[in-house]
Amino acid sequence: MTDLSHLKQDFPILGSGVHFLDSGASSQKPIPVLEAMDQFARTSYANVHRGAYKLSVAATDAFEAARHRVATFINAASDDEVVFTRGTTTAINTVAFGWGLEHLQEGDVILTTEMEHHANLVPWQMVAKRTGATLDHVAIDDEGRLDMASFEDKIGPEVKIVAVTGMSNVLGTMPDVKTIARRSHEFGARVVVDAAQLVPHAGVDVQDLGADFVAFSAHKMLGPTGIGVLWGRMDALEETEPFEGGGEMIANVTLHESTWAAIPHRFEAGTPSIIEAVGLHAAIDYLDSIGMEAVLEHDKKLTAIALERLGDVPGLSIQGPKDLTDRGGVISMTMEGVHAHDLATILDENGVSVRAGHHCAKPLMKCLGVAATARASFYVYSEESDIDALEKGLRHAGELFGVS
Ligand code: PLP
C-alpha cells in the first residue's frame, strides 16, 4: 500500500488545518500546478495559433504539449482525438448538440441512467426535444449500483447513443462501462462516458474502455477551473459537427459560409484556456508521479475506514454500497431528523468541509428516496485525521439534534 501522507505539504490551502472533504466537487491544487501556471504566465504567455512572433510560438508549443500530455495520460490513439473544452459539461454538450442533433430523429432512443449528474442528463433532454428522439434510463439496484439486467433490457437497435457515468458523484459506484460500450456497439449505438469523477480517481485508458466519447474536467484532478477534455475516437469526432462557431475553428470563411478546420481545432472556437492547459499538464504530471492505481487505492482505503467508523454513528445512514467493489471515495450520508444542510453547517463549524444538497443529481435523489445528502469525498491529500474530524463532527451534530 503506497503511503501518500507526504503529499499534503504540496497543498498550501490545507495548511490552514481545514479538513477538506469536498474533492468530488473540485479538488485543491498542488504547488507544482500553481507554479507551472505562474511561470508560464510570467515568461511565455500569448495567444496561441495566431502570431508569427516568438512568444506566441512558445505559448502554442506549451498548449499543444498539454494536448499531447492528455493524450498519453488517457492512451488516446492520437493527439488529434483530444479536444479542449471548458469542462465536462461543455464536453458532453459538444456531443449532445454536435453529434446528437445530426444523427438523432423520431423513433431513436437516447439511453442514460438514473445515476447521472445533470451534465449528462439535461443536454440529452434538450436534444431529445429538438430531434423527437425519446429518453430512456437504466435503473439502479437497491445497493446503488447500475443494474446491468436493466441495461440489457433497454439496449436495442433503436438506441442510438448511450450516455453513462464512469463513477457516480453521489454514490461513488463505478458502472461496468467496458461491457456497456461493447454491448452498445453490438447494437450500433455510440457511447459517451461522463468521466468527471472516473478520470481523476481511477484514470482511464480510452482504447481499453472502448467508448466513443469520454468527458472530464481539469479542476477535479488537481488542475485549474476553465478547462476540460472531450476525447473522441476519430471516427466519432468525424461524425460530429462543431456546435460553436467563431475564430480558430475555420478553414475558410466567406460572407455566406464557412468550412471547418481540421479536428480537433474545429471544436475549439475562440481563444482557449491557455494558462489552464499548462496547469492541466502539470496536474497530470503530478498524478502520474503518484500513479493512478495508488490514487484509487488511497481513496478506497479511506473509504473503508470511513464506512467502518461511521457505521455506528447514531441515526446516520450511508447511501450506496458498503463494500468496496467498483467503488470510489465518495460517501453520501443522511442523519435522521437532521437536514443535510444543517449537518454540513455543523461539520463546517467543526472544521470539516463537506457538500450538502442534491449534488446535481435530482433524479438519483428521488431513486434513493431522499431530498438531499451530505457528501464527503476523498482525494490524494485526504488523511485518516480528516475522517476522525468527520466522525467527531457527525456525533456532535447528532447530540445537538438529540439523535440517539
Ligand atoms: N459529471 C459528474 C459526475 C460530476 O461530478 C460533475 C461535477 O460535479 C460534472 C459532470 C460536471 O463537471 P463540470 O462542472 O466540471 O463541467
### Query
Which numbered condition trips up ALA41, out of (1) crowded, with 18+ Cβ neighbours inside 10 Å; (2) touching a residue at least 24 places away in the same chain (Cβ under 8 Å)?
(1)
#### Entry: Cross-chain or 6+ apart pairs with Cβ under 9 Å, the stretch 153-172 first and at positive phi, then assigned to a strand (DSSP E or B) and at pLDDT below 95
GLY172/ARG327
### Query
Which of (1) more than 16 Å from the ligand (Cβ to nearest atom); (2) among the aromatic types (Phe, Trp, Tyr); (3) under 17 Å from ALA195 (Cβ atoms) is the odd one out, the single condition TYR53 does not satisfy?
(3)
### Query
Is it the case that some residue within the stretch 218-226 is away from the ligand (no atom under 16 Å from the Cβ) and touching a strand residue (DSSP E or B) at 6+ places or on another chain (Cβ under 7 Å)?
no
### Query
Of these, MET234, MET249, which one is away from the ligand (no atom under 16 Å from the Cβ) and over 24 Å from ARG50 (Cα atoms)?
MET234
#### Entry: Only listed residue being surrounded by 15 or more Cβ atoms within 10 Å (Cβ to Cβ), of a type in the set (Gly, Ala, Ser) and without any contact (Cβ under 8 Å) to a residue 24 or more places away in the chain, chosen from ALA25, ALA96, ALA46
ALA46
### Message
Against the definition (under 23 Å from GLY226 (Cβ atoms), charged (D, E, K, R) and out of contact with any Lys or Arg (no Cβ under 9 Å at 6 or more places or on another chain)), how does ARG86 come out, yes or no?
### Response
yes
#### Entry: Qualifying positions in the stretch 200-210 - of a type outside the set (Val, Ile, Thr) and either part of a helix (DSSP H, G or I) or within 8 Å of the ligand (Cβ to nearest atom) (or both)
PRO200, HIS201, ALA202, GLN207, ASP208, LEU209
### Query
Got a number for residues in the stretch 310-329 being surrounded by fewer than 21 Cβ atoms within 10 Å (Cβ to Cβ) and either under 21 Å from the mean Cα position of the chain (by Cα) or in a helix (DSSP H, G or I) (or both)?
5
### Summary
Scanning the stretch 287-340 residue by residue, the ones that are modelled with pLDDT under 95, in contact with a strand residue (DSSP E or B) (Cβ under 8 Å, 6 or more places away or on another chain) and of a type in the set (S, T, N, Q) total 1
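The values are calculated or read from the model by the stated rules, or taken from the named source; none is laboratory data. What you see is a predicted model, and the numbers here were worked out from it, not measured in a lab. Glycine also receives a Cβ, built like all others from the backbone with ideal geometry; neighbour counts cover every protein chain displayed.
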